[in-house]
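Here the structure is laid out as structure tokens; the discussion comes afterwards.
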Amino acid sequence: MELLAEPREQVPYDHICRLLHVSEHTLKAIEASESLSIAERKERLLAKAWRLANKAIDRVEDQIDGANITQATVAFGVSTDKIMLLLGELGGGVPLQVNL
């Protein structure tokens, strides 16, 4: 399955078929079935990342005056970064319009 991982265009179907001794139809069926499960796994991971980010920011907000919020802050940053990556929002940031 690693040969079918993104970016798939690096390894042609015929090379994979010869290596695994399967037909192209079999290979495409495997790829289709795996892509569905990958999408489902990505959706579950996204839901978990949202929950973690919400919990972390709640903790940061509750403990902002305390001394040890570093771990919660890091967890929030990592979680929100992963959410953006999973959503395909590379670069991130807040949209800003400047009128001169």
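Of everything in segment 22-47, what is touching a helix residue (DSSP H, G or I) at 6+ places or on another chain (Cβ under 9 Å) and closer than 15 Å to Asp81 by Cα? Give them in sequence order.
Answer for segment 22-47, where residues must be touching a helix residue (DSSP H, G or I) at 6+ places or on another chain (Cβ under 9 Å) and closer than 15 Å to Asp81 by Cα: Lys42, Leu45, Leu46.
Which of the residues spanning segment 7-46 are at pLDDT below 80, among the β-branched types (Val, Ile, Thr) and not in a loop (DSSP other than H, G, I, E, B)?
Ile38 - this is the single residue of segment 7-46 that is at pLDDT below 80, among the β-branched types (Val, Ile, Thr) and not in a loop (DSSP other than H, G, I, E, B).
Kindly evaluate Leu4 against the criterion of being surrounded by 12 or more Cβ atoms within 10 Å (Cβ to Cβ), under 27 Å from Leu85 (Cα atoms) and modelled with pLDDT under 70. I'd like the intermediate steps shown before the answer.
Working: surrounded by 12 or more Cβ atoms within 10 Å (Cβ to Cβ): yes; under 27 Å from Leu85 (Cα atoms): yes; modelled with pLDDT under 70: yes.
Judged against the criteria, Leu4 is a match.
Are there any pairs with C-beta distances below 8 angstrom linking a residue in segment 69-84 that is within 8 Å of Ala56 (Cβ to Cβ) and buried (at least 17 other Cβ atoms within 10 Å of the Cβ) to a residue that is at pLDDT below 75 and not small (Gly, Ala, Ser), with the two at least 6 apart or on different chains, and if so which?
Taking only residues 6 or more apart or on different chains, the pairs are Ala72/Val60; Ala72/Gln63; Phe76/Val60.
The values are calculated or read from the model by the stated rules, or taken from the named source; none is laboratory data. A quick note: this is a predicted structure, and the numbers were derived from the prediction, not measured. Positions of Cβ are backbone-derived with ideal geometry, glycine not excepted, and every protein chain shown enters the neighbour counts.
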